[in-house]
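Where a number appears in this text, it was derived from the coordinates with a stated rule and is not lab data. This structure is a prediction, so every number in the text was calculated from the model and none was measured. All Cβ positions, even for glycine, are placed from backbone atoms using ideal geometry, and neighbour counts span all protein chains on display.
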Amino acid sequence: MLTMDVACPKCKFTISIQGNPGERIELTCPECKIHGFFKFPPESSTQQTDDVIVVKNLTKYYGKIKGIEDLTFTIKKGEIFGFLGPNGAGKTTTIRTLLGYLSPTKGDAYILGKNIADNMVDIKRKLGYIPGDLNLYGHLTGRQFLNYFESLRNTQLPLLAELLQVFDVPLDRKIKGYSRGMKQKLGIIQAFMDDPEIVIMDEPTSGLDPLLQQKFYDFLRHQKKKGRTIFFSSHVLSEVDKICDRIGIIRNGSLVALEDVDTLKQKMGKLIRVKIKEKPETFTGPKTMKRTDDWIEFVTNDDIDYWIKQLSHYTILDLEIHEFSLEDIFIHYYEGQT
Amino acid sequence: MNTIFRLKIALQTMKDHGKTTLILALLFMAMAAMYAGMFPSFETMLLDMTDAAFIESFPFLPHIDQMHTYVGFLTLELYNIFWLLLLAIMVGFIAASSIAKEIEGKTIDLLLSNPVSRKQIVIEKFVGLIPMVIIVNFSTMVVVMGITVALNESLNYANLVVVHLISVLYFLAVISIGVLLSAIIDDKMKASIVMIAILVGMFVMNSVSLMTADYEALGFLSFLHYFDTFTVLQFGEVDGVGLVVFIGVTVVCLIVAMFYFEKRDIEIT
């Protein structure tokens, strides 16, 4: 059963109707009494693919210099995807190739089911973007800038009022007088104001103070709940850890990890730190075990029970078991590989 | 397609140049008033000066033999140098930085995050500069008319209107070259310098072609060869080839700019 809002073609009065996909029903407008038929869309067109961004073997060379190579990944609807990598790894190149600023040397990508090679204008109707190196029109005031972009979007701006409340900027001041944080806020406002399906952001929290970052994360979580998709690059691991569902790690232009944050952490195992009354040397742990000061440290995957039972023969002064932070994971991927 | 006809980028370009347009208009109105108004005080002196030796010593100036007439004076002093060269340089400078400044200033990333095509940006940047040309052009024309009436000099007003109509085409051709350069060269200063070099080069080529018969063919490469303000103003003779050249250059430059800009990588550093 589908529920749809139908506007009367004559007087624009809206009524809510129910029916099955493909069903044709007779309607009379309660306002102007005009008579007509309405056909519900067939099942196939109401089904939508879950992958809003599909990237296949995307490669970009700047002449002979490698930007990115053979990137393949998909991003699902309603997902917050974190794109991690140190400076110069290819994050910005990936984003700018996806958005059509750079044409791929090889491979292709689809956003909302449309090929980026020939549907960029259509795609951008449903997409917001915050550039990493954000530069706004300095000679305009914040208000003039937003008005200009509103006229270019040519659509409703359902989130503008809310955004202006959360990210308060001096709208009547010229943008060239804005601080870095104010500019970043204006960048966020323009990207989200028309409530786009997807927002792509290149290090969006740089320049925001911790309080604003928190507000921004809350806003992103709220957008996610509505089914909006967020793709953002970052090198701030704690923020990725806080809000991302899935991450991709890029190193030297290639994807080295693509995983759920939770799965990734599970795979990495747990870190056990223990302090015993006996001499630390008397305890034999796994090969990777390290002894620092009085602490014994080792990583375990799925045999916590075994190690706890081993430790039970000792007098335990202190014990910590915790997950790997994303930072540990990140360092793990980069260690020895650079 | 409907987004293109909304011309919002053009409108913004127009607004951005509002002040420049006003300043240019006032500047050229003042210049027109000054040169036209100066004529009576120079007339007798010019009559004495314009002998065969004088004419021979300035072979590169078109219609120097007519300098003692009102039309000749206007053409030489106002139209040839200030209008066709100086204003063209100013307008060309602005056009050459139109797209380049968005790339250099990195605002192109945000502009293109809207549902606008790159071809549309090229066309709208061009369209957005048209009002400036029209305003400066016709405000100057009105001043020339006013001064002429005040001085009670003889001037064919219909011909004056024709000069300014052809000027619109001339400046549009200049702008289209500027927009093309702007679509190719990221650095706005570099684009503008190339533009100025082209305009000055054209001026020099025309002067050289007037000076020596051997280099007459060089003149065909110059816009000035196709737009003789004196013959239009005095005799109402319009060079049909010139109109075709101006319109042709405009169309070709814009098409090349559109396709080049559509395909190129926009790198920001």
Estimated [θ] at 222 nm from DSSP helical runs (n ≥ 4, -39500 (n - 2.57)) normalised by residues in chain A, nearest 500: -8000 deg cm²/dmol
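Calculated FRET efficiency, A:THR105 and A:ALA161, Cβ-Cβ r, R0 35 Å, to nearest 0.05?
On the way: r = 43 Å, r/R0 = 1.23.
For A:THR105 and A:ALA161, the calculated efficiency is 0.20.
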What FRET efficiency comes out for the pair B:PHE5/A:CYS32, r = Cβ-Cβ distance, R0 = 41 Å, nearest 0.05? 0.80
Across the residues of A:116-126, average count of Cβ atoms on other protein chains within 10 Å? 2
With Rg from the Cα atoms and Rh as the Kirkwood inverse mean 1/r over Cα pairs, the range B:4-263 has an Rg/Rh of 1.01
P(r) over all Cα-Cα pairs of the range A:2-46, 10 Å bins from 0 to the longest distance, whole percent per bin, short to long, reads 28, 53, 18, 1
Quickly work out the B:GLU262-to-B:THR20 label distance, labels modelled 7 Å from Cα along the C-beta direction, and quote it in nm with one decimal. 2.6
Name the most mobile residue of A:GLN223, A:GLN190, A:GLN165, meaning the one with the largest mean-square fluctuation, in a Gaussian network model of chain A with Cα contacts below 10 Å. A:GLN165
Distance in nm between B:MET38 and B:PHE220 label points, each 7 Å along Cα→Cβ, equals 3.7
Could you list, in their original order, any pairs among A:LYS60/A:LYS114; B:LYS188/B:LYS263; A:LYS12/A:LYS124; A:LYS106/A:LYS265; A:LYS126/A:LYS242; A:LYS76/A:LYS226 whose Cα atoms are separated by more than 22 Å? A:LYS12/A:LYS124; A:LYS106/A:LYS265; A:LYS126/A:LYS242
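Can you tell me the equivalent ellipsoid semi-axes for the range A:158-246? Use √(5λ) from the Cα gyration tensor, largest first, whole Å. Numbers along the way, then the final one.
Values: eigenvalues 89, 51, 23 Å².
So the three semi-axes of the range A:158-246 are 21, 16, 11 Å.
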Only Cα pairs within less than 10 Å get springs; with that Gaussian network setup on chain A, which residue of A:SER16, A:SER151, A:SER234 has the largest fluctuation? A:SER16
Give the distance, in whole Å, between the Cα centre of the range A:231-307 and the Cα centre of the range A:68-87. 22
List, largest first, the extents of the alpha carbons of the range B:76-141 along their principal axes, each in whole Å. 48, 21, 15
For the protein assembly as shown, with equal point scatterers placed on the C-alpha atoms only and solvent neglected, what are the log10 I(q)/I(0) values from the Debye formula at q = 0.05, 0.06, 0.11, 0.12 1/Å, to two decimals? -0.38, -0.51, -1.09, -1.18
Return the single residue from B:LYS119, B:LYS188, B:LYS106 with maximal mean-square fluctuation; model: Gaussian network over chain B, springs between Cα atoms under 10 Å. B:LYS106
Let me confirm one metric for peptide A:127-133, namely the mean number of other chain beta-carbon atoms within 10 Å of its residues' beta-carbons. 4
From the Cα trace of the range B:148-269, what convex hull volume per residue do you get, rounded to a whole Å³? 146
Helix by helix, which DSSP H runs in chain B go 27 Å or more along their axis at the Cα atoms and have an average Kyte-Doolittle hydropathy of -1.0 or more? B:18-49, B:118-151, B:157-184, B:188-211, B:240-263
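Quick one: pull the percentage of alpha-carbon pairs in the range B:1-125 with a separation above 27 Å. Write out the running numbers ahead of the final one.
Details: 3447 of 7750 pairs.
When all Cα pairs of the range B:1-125 are counted, 44 percent exceed 27 Å.
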Compute the distance from the alpha-carbon center of the range A:120-159 to that of the range B:175-209, in whole Å. 32
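Can you give the mean number of other chain Cβ atoms that lie within 10 Å of the Cβ atoms in peptide B:114-120?
Values: counts 15, 12, 6, 4, 4, 1, 1.
The per-residue average across the peptide is 6.
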For chain B, what does -39500 (n - 2.57) per DSSP helix run (n ≥ 4), summed and divided by total residues, give at 222 nm, in deg cm²/dmol to the nearest 500? -23000 deg cm²/dmol
Take the Cα atoms of the range A:50-152, find their three principal axes, and give me the spread along each one in whole Å, biggest first. 42, 32, 26
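Over the Cα atoms of the range A:214-309, Rg to Rh with Kirkwood Rh, two decimal places?
Values: Rg = 18.9 Å, Rh = 16.7 Å.
Reported Rg/Rh, Kirkwood definition of Rh: 1.13.
Computed FRET efficiency, Cβ-Cβ of A:ASP245 and A:LYS10, R0 41 Å: what is it to the nearest 0.05? Don't jump to the answer; show the numbers that get you there.
Details: r = 46 Å, r/R0 = 1.12.
Rounded to the nearest 0.05, the efficiency is 0.35.
Kirkwood hydrodynamic radius (Cα pairs, Å) of the range A:269-334? Don't skip to the end; give the middle numbers.
Values: mean 1/r = 0.0800 Å⁻¹.
Kirkwood radius, the range A:269-334: 12.5 Å.
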Cα convex hull of the range A:51-264: mean projected area in nm², to one decimal? 11.5
